[in-house]
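Q: Just dropping this structure here.
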Protein chains: 2
Amino acid sequence: MRYLAAIVLVCGWSALSAQTPGLVNTLMPEPAHVTAARGTLPLTNAFSVQVARFDSPRLEGAIRRALRRLSMQAGLTLAPAPAATPATLTITVAGAGEAVQSIGEDESYDLEVTPQGATLTSRTVVGAMRGLTTLTQLIQTGGDGYFLPAVHIEDAPRFRWRGLMIDSGRHFEPVAVILRTLDGMAAVKLNVFHWHLTEDQGFRIESKVFPKLTGMGSNGQFYTQAQAREVVAYARARGIRVVPEFDMPAHSTSWLVGYPELGSAPGPFAISPAFGVRDGTLDPTRDSTYQFIDKFIGEMAAIFPDPYMHIGGDESNGKEWRANPRIAAFMRAHHFATTAELQTYFNQRLAPILAKHGKKMVGWDEVLNPALPKNVVVESWRGVKSLAQGAALGYQGILAAPYYLDHMETAGTMYLADPIPAGTSMPPAEQKLVLGGEVCMWGELVDAGTIDSRMWPRSAAIAERFWSPASVTDVNDMYRRLTVESTRLEALGLTHRTHEAAALRQLAGSSDIGALQVFASVLAPLNLGQRQRQQHATPFTPFDRLGDAVRPDPAARRELDAAIQAFIAAPTAAGAAALKARFQQWTAAVPEVERQMDASPLLALARPRAEQLPALAQAGEQAADFIQQGTDAPAGWQQQQLDLISAAEKPQTLVRFTFLPELRKLVQAVPAH
Amino acid sequence: MRYLAAIVLVCGWSALSAQTPGLVNTLMPEPAHVTAARGTLPLTNAFSVQVARFDSPRLEGAIRRALRRLSMQAGLTLAPAPAATPATLTITVAGAGEAVQSIGEDESYDLEVTPQGATLTSRTVVGAMRGLTTLTQLIQTGGDGYFLPAVHIEDAPRFRWRGLMIDSGRHFEPVAVILRTLDGMAAVKLNVFHWHLTEDQGFRIESKVFPKLTGMGSNGQFYTQAQAREVVAYARARGIRVVPEFDMPAHSTSWLVGYPELGSAPGPFAISPAFGVRDGTLDPTRDSTYQFIDKFIGEMAAIFPDPYMHIGGDESNGKEWRANPRIAAFMRAHHFATTAELQTYFNQRLAPILAKHGKKMVGWDEVLNPALPKNVVVESWRGVKSLAQGAALGYQGILAAPYYLDHMETAGTMYLADPIPAGTSMPPAEQKLVLGGEVCMWGELVDAGTIDSRMWPRSAAIAERFWSPASVTDVNDMYRRLTVESTRLEALGLTHRTHEAAALRQLAGSSDIGALQVFASVLAPLNLGQRQRQQHATPFTPFDRLGDAVRPDPAARRELDAAIQAFIAAPTAAGAAALKARFQQWTAAVPEVERQMDASPLLALARPRAEQLPALAQAGEQAADFIQQGTDAPAGWQQQQLDLISAAEKPQTLVRFTFLPELRKLVQAVPAH
């Protein structure tokens, strides 16, 4: 296959500058080895691609997408056409790679850009995809044209399993959300889409064998098998595996609505109207349960070709088991002292069913038990310690705990959490059992409107943790590149950046949101626990509050942090003025925000924060003055401000201020008596 | 079916105010009859719905969506539950309506809101859907809670065929775009999605009978049959018909790539790399062509149940027919003097094939010929005159001409174009043949990123033209309601409002776009003809220019127009100051815009506009001063400014200034010597 730009007159810029700027590294994730060289490869409409050794529709699709991104970023008209020789980019791929991508798929690639042309070499199509993604991240401009800097990149991932989980159970997410998520994942080289498809709140995948699963257990919101196949194909086209999760034996109320005979209690059952650990649990003592599961897994195995299948296995509270005399008798007969042992029995019976359908089992921490086959993979929502325990027992593991997006940690915090922390005491052989990690987007508090803003760009920072060498840990540099990556992700149609303004317009009922945007810039959402204590959201709660509009880890916090640190280190008049201008901007926004709150009851729910802001801003202004002038604050001033800050830390109104730790530093830096 | 909100504690606002504000009409389209009454119906978590007579999954889905919108707008937690008696909203539907919705479907409804409750009555489920849409547009707030104002609405559409066409042929649009378009259509009561599926640039619908149609004619970008069925189901769930278009005998190059034997020239054929009228045309002289079409139409008829099928029929240039000796001989043998007669022969053979598969024919103007059966519907891209000619011959017609979105007319202009203009000379019997109209989104210059911003909110204004009484023609009131509707449409996930900021971030490579937004607010895209003369876009041209970012008919133009008119009428000092502040804001933005242009070659393509702006702003400032001070301008000043304005009117850089007519008025209002 050959591509070449058609010759089209474009209202144009002039030839490239004679200057040849070097590589400005905005790559994310950071490749294993980058060697910058001299010179640049100009990007023009004559850009052409030639595939040298192995070609396939999948590779062609990846090339088409990469050319589209080049085209959009550099304003190039690139039409398929017979290629010039030599082509601008020559791709040499040894072969297709695996028919069904496994954890062993070779994703390495070698990319060399010189002023004469670029070459991309890989063993597999997936490797070529990764290299093409890197290539599109290299685009730079010198102001009068676009180019690729000369560079040599040798790259391969650190971890084999780099996942992102979406919980479509608690809130259904339309196919469009899933597809654009896959685009985002491919852009940052994530390779496993873990699809949590069943929950107490909904059964989200069509079964033709058991139609009442969605017919009665989904509220009409589920994926058809055709849609699921489309997702699998879309993912495969991007080098992403799809691992479906069917959570058993607990988190399974939705199974029981249509098939109460599967349950451990008499029923009838209804879709759970609340989140959290529910009682509804499959009956592990009946053969009919396993016959049902066998048929269901068989049906799903035909849709999801991945060698792994996730069976959940978490948070089975054993309540219904203990309450059911028949099940209690079964436990006694089998000498099971705890319901955990009964769950292991369940898993032991599940394992051969999965094996029969060609699947290896993945489960959350609770499945971990030496009685299970050694090919079970444990996904740890409890943390690295739990992961290490599994490895010590010989089980492969995936780390999830530090990457729960609804904990609302900053990108920086999650970035520094490593599946194999520096200085780990795990023996090297056990370290090899750590397959990687997964970003987890649980579904309690997200819908199609908000989910992108919770996933991105933070997931890109975690993706770098999974791909790049362990030594890549510079948080500031990560944020520098993340800012660029966020713009690239937006070009894929992800709504993480546009969401806030759109949501503020809904809240204000107006497109005049300038003041609200200033207010929103100092706010962030509460985490799951804090929010549930404030609001107790259910599957029917609309996500239309200010806490749903504002973004996790907003840039304003980091900017303020940097400004305050610099000012404390060198308290210049200019530094004080800049800080004060920032605080004054906050205060100036408040009257208009309060006016809009008067007209919008929904927005007015956050009124307490608007009322707190001016005093906090004033604390900052005064602190800046005291520090810059070297004056002692009046007696009691400092404590008063710190009390103000402490009071403002209290979670309320579904939003929190992001700047309080930084403001505290500033107040504490004021000369004391 | 009954719905009731679960009782959930929400951090809340107090009970409704004792004041009972009346109806603030933001309905769009304007109903046929609205009678405001006294009082309000508060919206609380106890809001419940009861369906009194006829129920169906389709009605339940519509209710679920309406409750979702109520819930999101008013912050309500509405969970399905056994209903209180009486319910807040009682829906009485006489029956399902048609199994396959036709142009005869009854869409009328009666909606009454009183302080005690609301009742919605309709003959069909589609009528109930229209009423539910109106209900959600009634939501208001008095500042301390949300309510529906007491009102009685009796409503039915003026026209039966209220369409929106998307051309997926010239540029493929992902399914996600189609689905959200259907959501937008339902929100403004459009009822026909006309899907232009084949073009010279691509064959976009999978045929299993003729796999080379997409296999060789689509560049891999097409809808699977499963996806097409999903679109049809999604549309039906919203009371929208799907009329597919397979353009024949011209605009058909993509058919010929895989099946050259269908062509009128020897081939081989390639997907057309250029837009416009192409030569590739089906061979109307061979029986094998009709056998192919018969099989293909039969396959499509099973996917698209609508009684109508659009066969295009436009812009057949006859070139290949004249050039082919065999076809020329056929014409002589049949005494066809023109290729138009041969096309009529083609259509005459097509008609029974469509009839055999249960379809009536729709075609563009060119199919119009008395030799065709009288059940053919003519869609007029040529205008009302052409429509009237068809009616005079007894053909039903649909008006498309004034609603071409790529002509970049304002919402106001398109709004005033009526399929049956006031004072028409058409006899009443012929007026009845005018079925309605269609918004047309042609595909030359849109992709998935830009298409929403071209369709919305302008399509909502046209939708009102098709639905509301002919007497509803107040443009200012339309714009007032359109602004509100635009926010409601954004809540559906449409990107018409977020697109500009997202695109500016791509252009600037930065999230710091304040100055760019000011610049963009005075710009609009060129229309198709102007743009093609500037750029000559092809299917491979990226839509990544400033002209793709800025929106058609931006609000800033209307605001300025109103401000200038008011100022000329009463030239106060405050008015002058306000105008000058606006002009100064433009000028102030330019240096930052130019700095960003220095760093972005793509953005810099619009540099001439940035260079023109300050002088234009200065003209406005000076004019405001002269007028307010009552001073004559210096000799030559006025002509100089008018020359400046004329020069700035020249289409270039893919963007035009929107404010030049208004600025001209201001300059001309300066006292002359």
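The values are calculated or read from the model by the stated rules, or taken from the named source; none is laboratory data. Just so you know, these numbers come straight off a predicted model, no measurement behind them. Reconstructed Cβ throughout: ideal geometry from the backbone, glycine too, with neighbour counts over all protein chains shown. Ligands, DNA and RNA are excluded from the accessible area calculation, which covers all protein heavy atoms including side chains. Shrake-Rupley method; radii C 1.70, N 1.55, O 1.52, S 1.80 Å.
Q: What is the spin-label model distance, in nm, from A:A333 to B:T413 if the labels are put 7 Å beyond Cα along the C-beta direction?
A: Taking the two extended label points, one gets 8.2 nm.
Q: Given a 1.4 angstrom probe, what's the average accessible area per residue across segment B:161-488, in square angstrom?
A: On the way: 10130 Å² over 328 residues.
With all protein chains present, segment B:161-488 gives 31 Å² per residue.
Q: Turning to a different aspect of this structure: Ranked by accessible surface with a 1.4 Å probe, highest first, in what order do A:M165, A:M72 come?
A: Values: A:M165 0, A:M72 65 Å².
Sorted by accessible area, descending: A:M72, A:M165.
Q: What does the charge add up to near A:D144, with Lys and Arg as +1, Asp and Glu as -1, over the other residues with Cβ less than 14 Å from its Cβ? Please report the intermediate quantities before stating the final value.
A: Numbers: positive: B:R607; negative: B:D598.
Every neighbour counted, the sum reads 0.
Q: Now for a separate question. Determine the shape class of chain B: with a ≥ b ≥ c the square roots of the Cα gyration tensor eigenvalues, call it rounded for a/c under 1.5, and otherwise prolate if a/b is greater than b/c, oblate otherwise. Walk me through the intermediate numbers first.
A: Numbers: a/c = 1.82, a/b = 1.12, b/c = 1.63.
Oblate, because a/c is 1.5 or more while a/b does not exceed b/c.
Q: At 222 nm, what helix-only mean residue ellipticity would the protein assembly as shown give, in deg cm²/dmol to the nearest 500, using -39500 (n - 2.57) for each DSSP H run of four or more? Write out the running numbers ahead of the final one.
A: Working: 52 runs with 576 residues, N = 1346.
Result for the protein assembly as shown: -13000 deg cm²/dmol, rounded to the nearest 500.
Q: Here's something else I'd like to know. Taking Cα pairs under 8 Å and at least six residues apart, what relative contact order does segment B:146-259 come out at, in percent?
A: 30
Q: Enter the accessible area of A:T498 (Å², nearest 10), with the probe set to 1.4 Å and all protein chains included.
A: A:T498 has an accessible surface of roughly 20 Å² with all protein chains in place.
Q: From largest accessible area down, sort A:F147, A:F330; use a 1.4 Å probe on the protein chains. The partial results should precede the final answer.
A: On the way: A:F147 5, A:F330 35 Å².
Result of the area sort, largest leading: A:F330, A:F147.
Q: Now, a different point. Using the 7 Å Cα-to-Cβ label point, sort the distances from A:A274 to its equivalents in the other copies shortest first and give them in nm to one decimal.
A: 7.0
Q: Considering Cα pairs under 8 angstrom that are at least six residues apart, work out the relative contact order of segment B:161-488 and quote it in whole percent. Could you put the intermediate results ahead of the total?
A: Details: 638 pairs, mean separation 56.8, N = 328.
Averaging sequence separation for qualifying contacts and normalising by length gives 17 percent for segment B:161-488.
Q: Students often forget the sequence filter, so: which aspartates and glutamates lie under 12 Å Cα-Cα from A:K208 once same-chain residues fewer than 8 apart are removed?
A: Partners within reach: A:E299.
Q: Using only the heavy atoms of the protein chains and a 1.4 Å probe, how would A:T344, A:T413 rank by accessible area, largest first? Please report the intermediate quantities before stating the final value.
A: On the way: A:T344 15, A:T413 70 Å².
Largest accessible area first, the residues go A:T413, A:T344.
Q: Hey, another quick one. Enumerate by residue number the trypsin sites (Lys or Arg not before Pro) in segment A:364-454 meeting two conditions: DSSP loop (anything except H, G, I, E, B), and at most 11 other Cβ atoms within 10 Å of the site's Cβ.
A: On the way: sites: A:K374, A:R382, A:K385, A:K432, A:R454; in loops: A:K374, A:R382, A:K432.
Answer in residue order: A:K374.
Q: Using a label point 7 angstrom from Cα along Cα-to-C-beta, what distances in nm, from shortest up, separate B:R332 from the other copies?
A: Distances between equivalent label points, in nm: 10.4.
Q: Around B:V434, which amide H atoms from residues at least 5 apart in sequence, or from another chain, sit under 5 Å from its own amide H, with H modelled in the peptide plane?
A: B:G397
Q: Given points 7 Å out from each Cα along the Cα-Cβ axis, report the B:A355 to B:A588 separation in nanometres with one decimal.
A: Going by the 7 Å Cα→Cβ label model, 7.1 nm.
Q: According to a simple spin-label model (label point 7 Å from Cα along Cα-to-Cβ), what is the distance in nm between A:D598 and A:N476?
A: Output for this residue pair reads 4.5 nm.
Q: Right, something else. Nearest-5 percent of antiparallel DSSP beta bridges in segment A:120-248?
A: For segment A:120-248, the DSSP antiparallel bridge percentage is about 25.
Q: Further question: Across segment A:598-614, in residue order, what do the Karplus-derived ³J(HN,Hα) couplings come to in whole Hz, using 6.51 cos²θ - 1.76 cosθ + 1.60 with θ = phi - 60° and x for Gly and Pro?
A: 3J(HN,Hα) across segment A:598-614, in whole Hz: 4, 9, 9, x, 5, 5, 5, 4, 9, 4, x, 5, 5, 6, 6, 4, x.
Q: Here is a further query. Counting only the heavy atoms of the protein chains, how much of B:V34 is accessible to a 1.4 Å probe, in Å² to the nearest 10?
A: In the full protein context, B:V34 sits at about 50 Å².
Q: I would also like to ask the following. When each copy gets a label point 7 Å from Cα toward the beta-carbon at A:S471, what are the spacings between them in nm, shortest first?
A: So the distances to the same position in the other copies read 8.1 nm.
Q: For the protein assembly as shown, give the magnitude of the charge dipole about the Cα centre (Cβ charges: +1 Lys/Arg, -1 Asp/Glu; no others), in debye to the nearest 20.
A: Working: 122 positive and 130 negative charges, 326 e Å.
Its charge dipole is roughly 1560 debye.
Q: A follow-up question, please. Which value, in Å² and to the nearest 10, is the accessible area of A:Y345 when all protein chains are kept and the probe is 1.4 Å?
A: Here the accessible area works out near 40 Å².
Q: Then there's this: Quote the FRET efficiency, to the nearest 0.05, computed for B:Q668 versus B:Q532 with a Förster distance R0 of 35 Å and r equal to the Cβ-Cβ distance.
A: Plugging the Cβ-Cβ distance into 1/(1 + (r/R0)^6) gives 0.60.
Q: Find the relative contact order for chain B and round it to a whole percent, using C-alpha pairs within less than 8 Å whose residues are 6+ positions apart.
A: Details: 1349 pairs, mean separation 73.2, N = 673.
Computed over chain B, the figure is 11 percent.
Q: Could you tell me the total accessible area buried at the A-B interface, probe 1.4 Å, in square angstrom to the nearest hundred? If you can, show how the numbers build up before the last one.
A: Values: alone 25520 and 25490 Å², together 46850 Å².
Interface between A and B: roughly 4200 Å².
Q: Quick one: if the Förster radius is 51 Å, what FRET efficiency do A:D287 and A:A99 give, using the C-beta to C-beta distance and rounding to 0.05?
A: On the way: r = 35 Å, r/R0 = 0.68.
The computed FRET efficiency comes out at 0.90.
Q: Can you tell me the length gained on complete extension of the stretch B:D625 to B:D643, counting 0.36 nm per residue apart and subtracting the Cα distance?
A: Working: separation 18, 0.36 × 18 = 6.48 nm, distance 1.95 nm.
Taking B:D625 through B:D643 to full extension adds about 4.5 nm, to one decimal.
Q: For segment A:192-299, rounded, prolate or oblate, judged on the Cα gyration tensor with a ≥ b ≥ c (square roots of eigenvalues), a/c < 1.5 rounded, else prolate if a/b > b/c? Intermediate results must be reported in sequence, preceding the final value.
A: Working: a/c = 1.93, a/b = 1.70, b/c = 1.14.
Prolate, because a/c is 1.5 or more and a/b exceeds b/c.
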